[in-house]
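Sharing a structure below in structure tokens format, with a few things to ask.
The values are calculated or read from the model by the stated rules, or taken from the named source; none is laboratory data. Computed from a predicted model, the values in this text were never measured in an experiment. Methodologically, a virtual Cβ is constructed for each residue, glycine included, from the backbone with ideal geometry; neighbour enumeration extends over all protein chains shown. The accessibility values were calculated without ligands, DNA or RNA, using every heavy atom of the protein model including side chains. Shrake-Rupley method; radii C 1.70, N 1.55, O 1.52, S 1.80 Å.
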Amino acid sequence: TELFSASEIISRLAGKEPSDANIIKNNVVNTVVKSFNSERKIKYLNTGGLHTIDLSESNNFHLFVSENITLDLSSFRPGQSGIIAIIQDNGGSKTIGFNSRMKFADGTAPTLSTADGSIDLIPYYVYFTDVMCNFIADFK
């Protein structure tokens, strides 16, 4: 049995045969190589409002939050994963709202740790068009 990508199916419907390089075969080891950028990006979010993180820049981010913000993600790819570290800056007690594409385990967005210098982690995995997130609070 062979599995084909959407582009391969379209090629077959158009009467073209797919190349062996693009066929995923059952009962054999299939290796898929996709490079992601693991360099961490540091962002200082010192103004309130909506902040969009471009996940094509990296997989790992350190966000220093000194105002209340809403966080959104863009340019992500299925299968991408990483960690967003959120550090309370400038006295702490800041809040973050999350875009609806960020899905948390219990369906409820987490509440950040509020002490100045608190570190919370959001490990994420991109599942099609949703970003599945976990929340780990108050690292010391």
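Which percent of the accessible area of segment 64-115 is formed by carbon and sulfur heavy atoms (probe 1.4 angstrom)? Walk me through the intermediate numbers first.
Working: 1100 of 2400 Å².
Answer for segment 64-115: carbon and sulfur cover 46 percent of the accessible area.
Still on this structure: Calculate, in nm to one decimal, what Leu121 and Phe64 gain on full extension: separation in residues at 0.36 nm each, minus their alpha carbon distance. Walk me through the numbers before you get to the answer.
Details: separation 57, 0.36 × 57 = 20.52 nm, distance 1.22 nm.
Roughly 19.3 nm would be gained on extension.
To the nearest 0.05, how large is the calculated FRET efficiency for Lys41 and Asp106 if R₀ is 30 Å and r is the Cβ-Cβ distance?
On the way: r = 28 Å, r/R0 = 0.94.
Using R0 = 30 Å, I get an efficiency of 0.60.
Starting from segment 47-140, pick out the chymotrypsin sites (Phe, Trp or Tyr not before Pro) whose DSSP state is loop and whose Cβ has at most 11 other Cβ atoms within 10 Å. Mind dumping the intermediate values first?
Numbers: sites: Phe61, Phe64, Phe76, Phe98, Phe104, Tyr124, Tyr125, Tyr127, Phe128, Phe135, Phe139; in loops: Phe76, Phe128, Phe135.
Counting only loop positions with at most 11 other Cβ atoms within 10 Å, the chymotrypsin sites (Phe, Trp or Tyr not before Pro) in segment 47-140 are Phe128.
Further question on the same structure: Dipole magnitude of segment 33-134 about its Cα centre, charges +1 at Lys/Arg Cβ and -1 at Asp/Glu Cβ only, in debye to the nearest 20? Spell out each step's value before the answer.
On the way: 8 positive and 10 negative charges, 57 e Å.
The dipole of segment 33-134 has a size of about 280 debye.
Accessible area per residue, 1.4 Å probe, Å², for segment 92-140: what's the number?
On the way: 2860 Å² over 49 residues.
Here the per-residue accessible area is 58 Å².
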